[in-house]
Amino acid sequence: MDSRLIELLACPVSKAPVYFSEARQLIVCPTSKLAYPIKDGIPAMLPEDAIKLEDNDPLLAQGA
């Protein structure tokens, strides 16, 4: 995923910055505790596509 694209993205729920988890191929928003999948190389940034992350998910600590 292009890092320049990630810098332009924001979580549609919280409007907070996001980061890309290469290991899990997800766009992650630690603020809203949501992760957005990559579908066919395109971030699916719709709230209904989001995956709710548990408080103890390592992805949340990664973006801190």
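The values are calculated or read from the model by the stated rules, or taken from the named source; none is laboratory data. Note that this is a predicted model, so its numbers are computed, not measured. Here the Cβ positions follow ideal geometry from the backbone for every residue, glycine too, while neighbour counts run over all protein chains shown. Note: areas computed on protein heavy atoms with side chains; ligands, DNA, RNA excluded. Shrake-Rupley method; radii C 1.70, N 1.55, O 1.52, S 1.80 Å.
A few remarks follow.
- When residues in region 32-64 are screened for being part of a loop (DSSP other than H, G, I, E, B) and open to solvent by 100 Å² or more (accessible area, probe 1.4 Å), 5 of them pass.
- Inter-residue pairs, beta-carbon under 9 Å, first without any contact (Cβ under 8 Å) to a residue 12 or more places away in the chain and in region 35-64, second of a type in the set (D, E, K, R) and assigned to a helix (DSSP H, G or I), 6+ apart: Lys39/Asp49
- If you go through region 5-29 and keep only what is open to solvent by less than 40 Å² (accessible area, probe 1.4 Å), in contact with a Leu (Cβ under 7 Å, 6 or more places away or on another chain) and in a loop (DSSP other than H, G, I, E, B), you end up with Cys11, Val18.
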